[in-house]
Amino acid sequence: METTPSFSNYLDMDNALAYAHKTDSRINENSKQIIETRNELTAMKNEFKQNKRTIDRDFEIMDAYIRESHKLNKEIRQIIKETTLQMKETDLQMKETDRKIKEISTRFNSTIGNIMEGLMSPSSFKIFKKAGFHINRCLRNVKRKNKEPLLAMELDALIIGDTEIIALEVKSSCDCQDIDKFLFHMERFRTLFPEYDKLNLNVYVAIASLNYENEADLYAQKQGLLVIRVSEEEIFTLDPFDNQNLRIF
């Protein structure tokens with residue numbers, strides 16, 4: 001005997017179908033979300049791979065740069081080392097050159113000084129004789145030394161007369177310091193030459209030079225010295241002087 005479905009049974013079937021339809025929609029929606037998520041993950045994976053390739057390439061470039069920098073730094077250090085060595089060698093060569101120049105200059109000045117002294121000794125005697133000094137002999141390269149007190153002095157020439165003595169200093173080039181140094185040594189003249197001090201002779205000082213630097217000739221005259229220089233007319237000439245301004249030691 002067939003049973004006729006009741007109204008409530010039809011209602012339950014509709015609900016079931018609606019539920020099934022709703023569930024299927026949810027499943028489809030979830031499937032779409034899963035596909036989208038999978039696509040996003042795939043895209044992220046591809047992007048990560050691309051970024052990784054970019055990072056790897058950047059690291060390779062950086063590594064090459066570091067290696068090149070190390071190589072360059074090594075070359076720079078080698079260049080600095082070689083340059084420093086060359087500078088040291090150049091400095092030694094310059095020092096040696098300076099030493100040779102000084103040695104040659106010293107020899108030259110010594111030679112010129114010897115020539116000057118050789119010419120001045122006879123010339124100075126005539127010059128001072130002509131200028132009115134009462135002199136009769138000339139001594140060259142006069143040296144004197146005392147033990148007590150310990151003093152020493154060397155004169156290029158000592159021109160001696162009956163009433164006066166002229167101590168002569170000959171220079172190839174003369175400056176104010178040379179004059180001060182000579183005057184300092186002249187302060188001990190009478191101590192080192194007591195034989196002339198006993199005669200009560202007037203002691204004068206003369207300076208002769210090829211070249212006077214920084215107006216040293218004027219400075220010498222102000223100090224009361226006799227000044228001799230090279231001239232065009234004669235080999236040596238004595239500058240005009242005032243007897244009252246001459247310094248007596």
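Return a yes/no flag: does the stretch 174-185 have any residue that is touching a strand residue (DSSP E or B) at 6+ places or on another chain (Cβ under 7 Å) and under 20 Å from Gly132 (Cβ atoms). The answer is no; no qualifying residue exists.
One residue stands out among those in the stretch 161-179 that are more than 12 Å from Ala206 (Cβ to Cβ) and over 31 Å from the mean Cα position of the chain (by Cα): the one that is surrounded by the most Cβ atoms within 10 Å (Cβ to Cβ), which is Gly161.
The criterion of being surrounded by fewer than 13 Cβ atoms within 10 Å (Cβ to Cβ), more than 24 Å from Glu213 (Cβ to Cβ) and either out of contact with any strand residue (DSSP E or B) (no Cβ under 9 Å at 6 or more places or on another chain) or without any contact (Cβ under 8 Å) to a residue 24 or more places away in the chain (or both) does not hold for Leu158.
To keep it simple, each residue is scored yes or no on (1) without any contact (Cβ under 8 Å) to a residue 60 or more places away in the chain; (2) over 17 Å from Ala157 (Cα atoms); (3) surrounded by fewer than 12 Cβ atoms within 10 Å (Cβ to Cβ); (4) more than 42 Å from the chain's Cα centre (by Cα).
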residue: Asn200; (1), (2), (3), (4): yes, yes, yes, yes
residue: Asn211; (1), (2), (3), (4): yes, yes, no, no
residue: Ala220; (1), (2), (3), (4): yes, yes, no, no
residue: Leu225; (1), (2), (3), (4): yes, no, no, no
residue: Leu238; (1), (2), (3), (4): no, no, no, yes
residue: Leu246; (1), (2), (3), (4): yes, yes, no, yes
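Every read-out reported here was derived from the displayed coordinates using simple, explicitly stated rules and does not represent laboratory data. Keep in mind it's a predicted model, so treat the numbers as computed, not measured. A quick note on method: Cβ atoms are made from the backbone with ideal geometry, for glycine too, and the neighbour counts reach across all protein chains shown.
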